[in-house]
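Here is the structure we will look at.
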Amino acid sequence: MTAKKVEIVVSPRPAHFVGDGFRVHNFIPGVHGLDMKRMDPFIMLDYNSKFHFNGSESPRGVGVHPHRGFETVTIAYQGKVEHHDSAGGGGIIGEGDVQWMTAAKGVLHKEYHETEWSKKGGIFQMVQLWVNLPAKDKMSCPKYQAIENAAMEHVDLAENGFVEIIAGEYKGHKGPADTFTPLNMMNAKLKAGGKAEFNFPANFNTAALVIEGSITVNGAEKAASDHLVLFRNEGETFSIEALEDSVVLIISGEPINEPIYPHGPFVMNSREEIMQAFEDYNTGKFGYLED
C-alpha cells in the first residue's frame with residue numbers, strides 16, 4: 001500500500017442562502033479543481049457551517065422543487081430537518097441522522113427546519129451531497145432511506161474516538177446505506193490527539209471535510225474547521241490526526257466515468273435528456289406535492 005497524498009486544502013468560499021433556511025458554502029462544483037467530473041460520483045457538496053437561526057413560527061427552508069438523475073444525501077450535525085417528497089418519502093432527521101433520497105426518474109420535494117426546532121431556533125449545521133447515478137439507473141424508481149445515527153456502524157478507535165459509517169466499509173464494518181455504485185461516506189469523531197487511518201482504491205475520488213476542530217493529514221498537511229482536503233488519485237492509505245476534538249466527514253467513491261450534463265435540478269447524460277426532464281416536469285410526470 002502506498003500513501004494517498006493531499007492535492008489541495010480548500011478554504012470555504014463566501015456563503016449564500018438556498019431558500020431561507022440553508023446558509024451554505026459550496027465546494028462541489030463551485031471551487032476550481034472540484035468540478036463534477038473531477039469529483040464524480042459526488043457532483044455537489046453544500047456545507048451549512050454553524051449558523052444561528054432565531055426562532056420562527058414559520059419554518060425556514062426550500063419549497064417544492066424537482067430533481068432527476070441523482071441522489072441527495074443530507075447529513076444533520078446540529079438542528080433538525082423535515083423532508084417530504086412526491087414519491088411518499090419523508091420524515092424528520094435529527095442530529096447525527098441522514099436522509100438519503102434517490103430522485104432517479106423524478107420527484108418533487110421540499111425541506112425545512114423541523115417545526116418544533118424552528119420555533120426555538122439555535123445552531124444549525126449540515127451537509128448536503130448530490131451523488132450521481134449511472135445512466136442505467138437514472139430512470140429507476142425513486143426511493144428514500146431514513147438513516148438514524150443508531151443504525152450506523154460505529155467502529156471504536158480505543159481511546160482515540162470512533163468512526164461512524166453511513167455508506168461503504170471501514171475496517172470490515174459496513175454502513176447501512178444502499179448505493180448504486182461503490183462509495184464510502186463516514187464521520188471520524190476523534191478526541192484531541194486521536195488518529196484514524198483510511199484505505200480506499202487509488203482511483204476513487206476522495207475528500208475530507210473538517211466539520212469541527214482541526215486536523216493534520218498524513219502527519220504533514222494541516223486543515224482547519226470548515227476546510228476541505230482533496231486527495232490525489234494515487235495511493236490508497238492516509239491518516240488524519242486530531243489537533244483538538246474533531247469531526248471529519250470522509251467521502252470516497254468510484255468514478256462513474258459517463259458524460260455529465262447538468263441543468264439546474266436535473267443531472268443527466270445529454271442535452272436531449274435534460275429537455276425531456278423539463279417536459280416531463282411541466283406535464284406533471286413528477287407527481288404532486290403541496291407547497
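Read the figures in this text as sums done on the coordinates, not as results from a lab. Note that the structure is predicted; figures quoted are calculated from it, not measured. Glycine also receives a Cβ, built like all others from the backbone with ideal geometry; neighbour counts cover every protein chain displayed.
Here are a few things to note about the model shown:
- Calculated from backbone phi, Karplus (6.51, -1.76, 1.60) coupling profile of segment 80-86 in Hz, x at Gly/Pro: 10, 10, 10, 9, 9, 9, 6
- Dipole-positive endmost among GLY63, ALA192, GLY122 within segment 6-253 (Cβ charges, Cα centre): GLY63
- Principal axis dimensions, largest first and in whole angstrom, of segment 97-248 by Cα: 45, 44, 25
- Translational diffusion coefficient of segment 198-258 (Stokes-Einstein, Kirkwood radius from Cα pairs, 37 °C, 0.692 mPa s): 276 µm²/s.
- Burial ranking of peptide ranges 125-132, 283-290 (average Cβ count within 10 Å, highest at the top): 125-132, 283-290
- Kirkwood hydrodynamic radius over Cα pairs of the chain, then Stokes diffusion coefficient at 4 °C and 1.567 mPa s, in µm²/s: 67
- Cα gyration tensor shape for segment 21-105, rounded if a/c is under 1.5, else prolate or oblate: oblate
- For segment 20-99 versus segment 219-291, the gap between their alpha-carbon centres in whole angstrom: 11
- Whole-Å semi-axes of the ellipsoid equivalent to segment 140-192 (Cα gyration tensor, √5λ, descending): 24, 11, 8
- Treating r as the C-beta distance of ILE123 and MET275 and R0 as 30 Å, the FRET efficiency rounds to 0.10.
- Entries in LYS171/LYS191; LYS37/LYS120; LYS119/LYS285 that, when Cα-Cα distance is taken, lie over 30 Å: LYS37/LYS120; LYS119/LYS285
- For LYS174, the shell of other residues with beta-carbons less than 13 Å away shows a net charge of -3, using +1 for Lys and Arg and -1 for Asp and Glu.
- For the chain, built as a Gaussian network whose Cα springs stay under 10 Å, the top-fluctuating residue of SER246, SER225, SER58: SER58
- Around TRP100: net Lys/Arg minus Asp/Glu count, Cβ-Cβ under 11 Å: -2
- Candidates GLY90, GLY172, GLY79, ranked by Gaussian network fluctuation over the chain, Cα under 10 Å, top entry: GLY172
- What you get for the chain, charging only the Cβ of Lys and Arg (+1) and of Asp and Glu (-1), is a dipole of about 400 debye around the Cα centre.
- All Cα pairs of segment 56-185, percent lying beyond 21 Å: 44
- Cα-based helix-to-principal-axis angle, 271-282 vs the chain, degrees rounded to 10: 60
- 3J(HN,Hα) along segment 63-73, derived from phi through the Karplus expression 6.51 cos²θ - 1.76 cosθ + 1.60 where θ = phi - 60°, amounts to x, 4, 8, x, 9, 8, x, 7, 10, 10, 10 Hz, with x in place of Gly and Pro.
- Gaussian network model of the chain, Cα within-10 Å springs - most flexible of LYS120, LYS80, LYS174: LYS120
- Helix-only CD estimate at 222 nm, as mean residue ellipticity for the chain, using -39500 (n - 2.57) per DSSP H run (n ≥ 4): -2000 deg cm²/dmol
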